[in-house]
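To start, the structure under review is shown below, and the notes come after it.
The values are calculated or read from the model by the stated rules, or taken from the named source; none is laboratory data. From a predicted model like this one, the values you see are computed outputs, not experimental measurements. Heads up, the Cβs are rebuilt from the backbone with ideal geometry, glycines too, and the neighbour counts pull from every protein chain shown. Side chains included, ligands, DNA and RNA excluded: accessible areas come from the protein's heavy atoms. Shrake-Rupley method; radii C 1.70, N 1.55, O 1.52, S 1.80 Å.
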Amino acid sequence: MAIVIITPDRDASPLRDQLNRHLPAGAAVWIYPEVPNPEDVTMAVVWKHPPGSLKAFPHLKLVQSFGAGVEHLLLDPELPEGVPLARIVDDALTLSMRNYVGMAVLAIHKRLDVYLENQRRKVWEQPQPVEWPVRVGILGMGELGAASAQFLAGMGFEVWGYSRQRKTLPGVTSLSPQEASLAEFAGRINVLVCLLPLTPQTEGILNDSLFRSMPKGSYLINAARGGHLVEADLLRVLDEGWFEGAFLDVFREEPLPASHPFWEHPKIFLTPHSASVTNPDSASKLVAENYRRVMAGLPPLHRVEAEKGY
Ligand code: NDP
Ligand code: OXD
């Protein structure tokens with residue numbers, strides 16, 4: 001019995017080494033495309049696998065995303081039929097995202113951009129106001145959104161959440177489409193954090209109409225997927241002064257091309273899809289547990305509902 005790791009744009013050896021520590025004896029771990037016996041493969045751990053590549057393994061019992069997001073998986077029109085899909089839910093991943101969102105909100109609140117620019121120009125000046133009043137809204141209140149919302153509420157921020165099903169979290173006012181439209185939610189906040197999965201319903205959701213539902217001077221933090229954002233709409237609201245700034249971790253094209261206007265935009269702070277990167281040490285425990293479960297005929301943990309898209 002064997003696991004194949006297919007992560008073309010990531011080094012698979014740290015995960016292989018960790019899996020070898022956690023898997024039961026006799027389970028082999030192979031890194032695609034070096035797969036001696038494809039018939040022995042019962043589980044595939046994938047991140048942006050080449051579409052169609054899973055067809056080579058006729059005895060798959062589980063396809064495990066090596067990330068929280070699964071749109072890269074669902075894009076494959078040749079996914080093996082009837083094989084369950086699972087994703088990473090991991091404390092280390094959640095903590096890292098929560099901290100990224102916390103960092104961005106604090107930077108906005110404390111006017112870090114103003115201080116950085118003033119220091120560059122050797123200007124001694126207290127910005128007015130010294131702390132910018134934040135009303136933060138988290139779009140997508142799942143594992144990462146809920147943890148980020150609680151973290152921010154714990155720091156004393158006014159926090160709103162929006163998801164398909166309303167959530168109950170201390171210190172967070174949670175809404176769903178049954179209680180408020182997306183535009184109504186956006187009208188109550190001035191910092192929008194996107195932590196949605198990328199699905200046909202959420203593609204392009206960060207657009208001009210949503211931005212203009214927020215008050216003038218608002219900010220965007222997108223740590224979910226580049227496909228959520230209509231890039232030209234963001235540039236327009238920034239350049240017109242409707243939006244004050246944006247923290248972006250994800251992009252339609254990654255790596256972000258050197259010619260892209262986001263790189264040099266004075267109101268954009270960007271990071272290279274590193275808000276929260278799956279940690280092979282901690283995630284390998286979940287992968288090994290899911291291997292044990294499917295081999296014992298049990299459902300995997302954190303199963304993906306392919307029809308919902310997350
Ligand atoms: P979850 O599946 O746990 O949560 C998704 C949330 O989005 C749920 O609250 C869900 O609502 C809500 N949602 C889905 N569709 C809609 C919709 N149409 N309208 C309103 N709400 C909606 O995902 P995670 O929190 O684990 O991860 C979120 C995303 O973060 C991932 O899909 C991935 O794209 C991204 N990510 C980015 C990383 C980075 O480094 N930049 C790292 C890890 C993840 P409900 O609860 O009602 O179902
Ligand atoms: C993920 C990511 O989905 O790193 O886990 O983007």
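Residue ranking by accessible heavy-atom surface, 1.4 Å probe, largest first, among Thr168, Thr94 comes out as Thr168, Thr94.
With 0.36 nm allotted per residue and the present C-alpha distance subtracted, the Glu125-Ser282 stretch has 52.0 nm of extension available.
Give me the mean projected area, in nm² to one decimal, of the convex hull enclosing the Cα positions of the range 91-270. List each step's numbers first, then the result.
On the way: hull surface 43.0 nm².
Averaged projected hull area, Cα only: 10.7 nm².
Any chance you could give the angle, 0 to 90 degrees and rounded to 10, that helix 143-154 forms with the longest Cα principal axis of the chain? Tilt of helix 143-154: around 40 degrees.
The phi torsions of the range 251-266, fed into the Karplus equation with coefficients 6.51, -1.76 and 1.60 and a -60° offset, translate into couplings of 9, 4, 10, 10, x, 5, x, 4, 7, 5, x, 4, 3, 10, 6, x Hz, rounded to whole numbers, with Gly and Pro shown as x. Taking Cα atoms only, the orientation of helix 13-22 departs from the longest principal axis of the chain by about 60 degrees. Count the lysine pairs in the range 91-270 whose Cα atoms lie under 21 Å apart, taking only pairs 8 or more positions apart in sequence or on different chains. Within the range 91-270, the lysine pair count is 5.
I'd like to compare 232-238, 61-67: which one has the highest average count of other Cβ atoms within 10 Å, and what's the full order after that? Intermediate results must be reported in sequence, preceding the final value.
On the way: 232-238: 18.0, 61-67: 23.4.
The peptides rank, most packed first, as 61-67, 232-238.
Only protein heavy atoms count here; under a 1.4 Å probe, Tyr32 has an accessible surface of about 80 Å².
In terms of accessible area, using a 1.4 Å probe and ignoring ligands and nucleic acids, Glu307, Glu203 rank largest first as Glu307, Glu203.
Count charges around Leu234 for me, please; just the other residues with Cβ under 10 Å from its Cβ, Lys/Arg as +1, Asp/Glu as -1. Walk me through the intermediate numbers first.
On the way: positive: Arg236, Lys267; negative: Asp208, Glu231, Asp233, Asp239.
That works out to -2.
Rounded, prolate or oblate: which one fits the range 58-129, using the alpha carbon gyration tensor with axes a ≥ b ≥ c (rounded when a/c is under 1.5, else prolate when a/b beats b/c, else oblate)? Prolate is the answer for the range 58-129, as a/c is 1.5 or above and a/b outweighs b/c. The range 237-298 and the range 151-227 have their alpha-carbon centroids 18 Å apart. Straight-line reach from Lys48: taking Cα to Cα under 15 Å and skipping same-chain neighbours fewer than 8 places apart, the aspartates and glutamates in range are Asp9, Asp11, Glu71, Asp76, Glu78, Glu253, Glu254. Rolling a 1.4 Å probe across all protein chains gives Val277 an accessible area of roughly 80 Å².
Where only DSSP H runs of four or more residues are counted, the chain gives -8500 deg cm²/dmol as its mean residue ellipticity at 222 nm, each run worth -39500 (n - 2.57). Once the convex hull of all Cα atoms in the range 1-115 is built, its volume per residue stands at 136 Å³.
Dividing the alpha-carbon radius of gyration of the chain by 2.2 N^0.38 Å (N being the number of residues), what value is obtained?
Rounded to two decimals, the normalised Rg is 1.09.
Using a probe of 1.4 Å on the protein chains alone, the accessible area found for Asp11 is around 110 Å². Placing +1 on the Cβ of every Lys and Arg and -1 on the Cβ of every Asp and Glu, with nothing else charged, gives the chain a dipole about its Cα centre of roughly 680 debye.
Calculate how many DSSP beta bridges within the chain are antiparallel, expressed in % of all such bridges and rounded to the nearest 5. Mind showing how you got there, number by number?
Details: 2 of 43 bridges.
Bridges in the chain that DSSP calls antiparallel: roughly 5 percent.
The listed residues Trp47, Trp242 rank as Trp242, Trp47 when sorted by accessible area, largest first, using a 1.4 Å probe.
Once the Cα atoms are used to define both axes, helix 280-295 deviates from the longest principal axis of the chain by about 40 degrees.
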